Amino acid sequence: MTKEEKKSIIEGLTEKLKETPHFYITDASGFSVAQVNAFRRMCFEKGIEYKVYKNTLIRKALENLEADYEQFCDATLKGFSGVLFSTEVANLPAKVVLDFRKKLGAKEKRPLFKGASVDGDQILGEENLEMLSKLKSKEELLGDIITLLQSPAKNVVSALQSGQNTLAGLVKTLSERES
């Protein structure tokens, strides 16, 4: 690979990382070609882009970003590295990795989760994958907050409406008795 090709890849990857708020670094070493293709297909079906890069190219692209990724690079960029890009949902790559492991078998720990950047926050280590898969998206959190805020108002309106019917029924019954 020439210097110009490397420079082009680094520039493209830097732009991709700037545009993508959530990315995960995984290790899929030891997979057969069929397994890698199945993993890529599963990612594609879920709307996630999966690409494999050399660690030095990933490191240089991360160095071009404003945030400090030095510790992240030191912890994740060893061995085989693939990057999962998710533009909208932060927990989707984690769910895809876990679902793919289930397809392979209960004891399978590949692809190995090395680290993730979720809205600029860096999460490292395999032990955090389960937690990442359970994260709620911003839209889900806003929906939960709106539901919580609407609940008391709905209860008040409901009570007032049921009271109105009771009161109207009581007045009607009383007026019929007098006749």
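Bear in mind that the values in this text are calculations on the coordinates, not laboratory data. These figures come from a predicted structure and were not determined experimentally. Here the Cβ is made from the backbone with ideal geometry for all residues, glycine too, and neighbour counts use every protein chain on show.
Can you give the angle from 0 to 90° between the axis of helix 92-104 and the longest principal axis of the chain, with both taken from C-alpha atoms, to the nearest 10?
With rounding to tens, the tilt is 70 degrees.
For a quick check, take a GNM of the chain with Cα springs below 10 Å and name the residue from 129, 98, 57 with the largest mean-square fluctuation.
Result for the chain, Cα springs under 10 Å: 57 fluctuates most.
Taking Cα atoms, how many degrees apart are the long axis of helix 33-46 and the longest axis of the chain, rounded to 10 and kept between 0 and 90?
30
Determine how many Å³ per residue the convex hull of the Cα atoms of the chain encloses.
Normalising the Cα hull of the chain by residue number yields 181 Å³.
At 7 Å along the Cα-to-beta-carbon direction for both residue 107 and residue 63, put a label point, then send me their distance in nm to one decimal.
With each label placed 7 Å out from Cα toward Cβ, I get 4.2 nm.
Helix 138-178: angle to the longest alpha-carbon principal axis of the chain, degrees 0 to 90, nearest 10?
10
Note the full-extension length gain between residue 144 and residue 55 as 0.36 nm times their separation in residues minus their Cα-Cα distance, in nm to one decimal.
The residue 144-residue 55 span can extend by a further 28.1 nm.
Multiply the residue gap between residue 41 and residue 6 by 0.36 nm, knock off their C-alpha separation, and tell me the result in nm, one decimal place.
Net length gain for the segment: 10.0 nm.
Percent relative contact order of the range 3-135, based on C-alpha pairs within less than 8 angstrom and at least six residues apart?
Relative contact order, the range 3-135: 35 percent.
Give me the orientation-averaged projected area of the Cα convex hull of the range 1-84, in nm², one decimal.
6.0
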